[in-house]
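Heads up, the thing below is written out as structure tokens.
We did not get these values from a lab; they are worked out from the coordinates using the rules stated. Just so it is clear, the structure is predicted and the values come from calculations on it, not from any experiment. Heads up, the Cβs are rebuilt from the backbone with ideal geometry, glycines too, and the neighbour counts pull from every protein chain shown.
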Amino acid sequence: AEAEDLLGKTEEEAERALLARFLYSPPPRQLVAGERNGLGLDRVLKQLQALFRMLSGRPLRLAYSEPASTDNHNLYLPRALPAPEEGTDLLVFRVMGLVQLGFLRHGILRERALLAEIHRDWVLRSAFHLLAARAVLDDWARDYPGIAEDFGKVAWLDKAGTMRVNVTTVPREGMPGAFLPLYEDLTHCLNWKKPGMEADPAREAVAWVHRQRHVNASALLEQARRLREHFKKLRLGPPPLPFYLGIIRPEWMLAELARDVAYEQEWKQGNKPLRQLLEAIARKGGVSPPPPPTPVVKLSLRERLKARLAGPDMSKAPAYGRMRDEYVEQQKSAQEEALFDVAAPPDEEGTAYDEWDDTAGVYRIGATRVRHVDSPTGDISNYLRIVEANHREISQIRRRFAALRPEERWLHGQRDGAELDMSRLLTAITDIRAGSQPDDRIHKRFVRQRQPVAILTMVDVSGSTQGRVLYVEQEALVLFAEGLRTLGLPHAFYGFSNDHPQNCALQRIKSFEDRYDDAVYRRLGNLRAGGATRLGAFLRAGTELLAQQPQTRRLMFVLSDGKPEDRGEYRGNYGVRDCMIAVQEARRARVNIFCLSLDSAEGSEDYLEPIFGKAGFLRLTDVEQLPKRLPELLRRMVR
């Protein structure tokens with residue numbers, strides 16, 4: 001058909017038609033392990049989440065798990081399906097989610113006794129899973145006949161019917177005849193032979209499920225027990241599960257989070273002999289164990305903090321005392337509130353990002369994971385010392401940035417505009433009645449000199465910055481922060497480093513929502529170095545942060561002291577190419593990235609130019625220039 005379409009076309013048109021699928025199609029994606037894959041869950045996540053929430057009527061959340069599963073609260077689906085099979089991947093995802101949603105809908109995995117029993121026996125678990133999946137699919141087909149056709153289609157797909165025991169793939173050929181009735185209408189294989197009498201218990205169990213009008217977990221478990229005894233007599237192991245049915249994980253539901261947390265916090269009550277002694281005294285009617293700390297402890301902590309901030313060491317230098325009064329006393333109320341605030345829990349799960357593999361020409365799905373954590377904190381005096389040592393430069397930066405403030409005002413006396421200028425209009429009417437020539441400039445209009453800008457500054461705090469480079473970066477951030485405060489534009493500061501591709505820490509120094517308070521000052525003045533620089537992951541995370549801002553212009557400044565580097569292949573050209581693709585992705589998202597490189601080594605342009613472009617970076621041979629050059633650069637970009 002393609003050859004017939006090419007007839008009658010010029011040689012150039014024919015060549016373009018043949019190459020179109022390669023030139024204009026999106027880059028392929030594959031799993032980190034190198035396996036070929038089809039549709040990624042991230043591309044249909046919102047669509048599926050909306051469907052499942054509508055069907056269940058509850059605020060479900062979709063997350064990643066291989067194979068599909070549920071924890072009685074959320075649904076977990078694979079990050080991507082196996083090898084591509086165009087047009088069917090969304091169908092497999094949809095049915096896969098409906099199976100797990102059915103378990104939630106009918107509370108099949110709610111009873112702890114049932115979970116404990118199937119947790120101990122793989123044969124019983126697999127038999128129960130097959131019967132329960134059949135029951136929920138029958139129930140979906142009765143309630144929503146429109147989706148019954150999907151169940152029939154997915155049964156004929158090879159990728160959906162791949163057989164697994166736990167996560168181990170097993171061949172479909174040679175399946176014992178005693179198992180085969182369990183797969184009827186769930187999956188098909190033309191090589192399966194017609195089973196004999198050994199399959200009668202499975203036939204009876206399947207027929208029983210089809211006769212039920214309601215899903216009953218206890219009754220399903222009883223049918224699974226009979227099958228387990230029958231398989232045991234035939235010396236058979238667990239029946240494999242088709243891929244799209246997922247897996248039941250009893251250990252997820254049996255875990256008691258409250259008990260585990262209490263066990264982890266038990267050390268705070270003192271060592272075990274002391275706790276036993278206090279409990280014995282309480283049982284005998286003696287002195288009861290001490291009550292938990294009350295806010296009085298926090299009040300004493302507040303007083304100690306004030307005493308330390310106003311101690312004799314600070315009062316020795318009058319200038320330092322003035323800066324203390326300016327930056328500490330103004331934040332007194334914020335300090336007091338911070339003592340009673342509960343810190344937000346760290347983002348343990350993080351966000352997975354693809355990574356570009358230049359050697360294979362594909363995206364590696366979920367190759368990196370970025371966690372948002374708070375930057376290390378310390379004594380506020382570190383911040384105050386930097387401010388005091390650079391108070392002249394800060395004054396100059398404030399004056400220069402003040403001149404860049406977006407001007408919002410009404411222009412009066414215009415010949416056309418959005419509104420009438422009432423005072424000038426009355427004057428014109430008076431002139432007309434007096435017989436004079438009126439002034440036609442009777443309108444006014446609202447003007448704004450520049451579009452709103454959001455600014456994100458990302459600073460490299462990897463191990464290579466330890467020492468002088470880190471101190472200069474810290475000084476530059478403090479001066480930059482003072483200028484941005486004057487400018488009044490939304491801005492944020494983040495540090496970045498990683499110790500593993502799946503543990504990339506994006507350290508919050510100041511988010512877009514944070515105000516300048518004691519906590520921000522402590523983080524700005526106490527940066528710490530450590531780890532590697534998997535820059536591509538952080539560029540994608542920063543792009544996502546900026547994409548959430550409503551401003552029309554978005555700027556990202558990257559401060560780094562060297563080449564993107566991490567364990568393994570990321571040290572070479574792989575890392576450079578991944579960062580280059582990440583910058584291109586950012587610019588497609590209308591995020592302008594500029595790098596200030598502190599790498600003074602010869603040949604650093606060889607990786608800076610491919611990543612950021614000829615006009616996208618500035619290399620500073622003298623690290624001491626950074627605090628002055630960063631504000632100057634911003635002034636040029638926001639004019």
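Annotations
- Distant alpha-carbon pairs in segment 453-551 (separation over 23 angstrom), percent: 24
- Using Cβ point charges alone (K and R +1, D and E -1), the dipole size of segment 85-214 about the Cα centre works out to roughly 320 debye.
- Our estimate of slack between Lys232 and Leu618, defined as 0.36 nm per intervening residue step minus the Cα-Cα distance, is 131.8 nm.
- Among the listed pairs Lys194/Lys232; Lys444/Lys510; Lys153/Lys232; Lys153/Lys194, those beyond 30 Å (Cα-Cα): Lys444/Lys510; Lys153/Lys232
- Computed from the C-beta positions of Gln625 and Asp200 and an R0 of 60 Å, the FRET efficiency is 0.10 to the nearest 0.05.
- Under 13 Å, Cβ to Cβ, from Leu227 - net charge with Lys/Arg +1 and Asp/Glu -1: +2
- Filtered trypsin sites (Lys or Arg not before Pro), segment 173-258: DSSP coil and at most 11 other beta carbons within 10 Å: Lys193, Arg213, Arg235
- Label-zone membership for segment 142-156, site Met54, 7 angstrom Cα→C-beta point, backbone N under 19 Å: 142-151
- Additional length obtainable on full extension of the chain from Glu393 to Ser423, 0.36 nm per residue less Cα span: 6.3 nm
- Loop chymotrypsin sites (Phe, Trp or Tyr not before Pro), segment 465-546, which have at most 16 other Cβ atoms in a 10 Å radius of their Cβ (DSSP): Phe512
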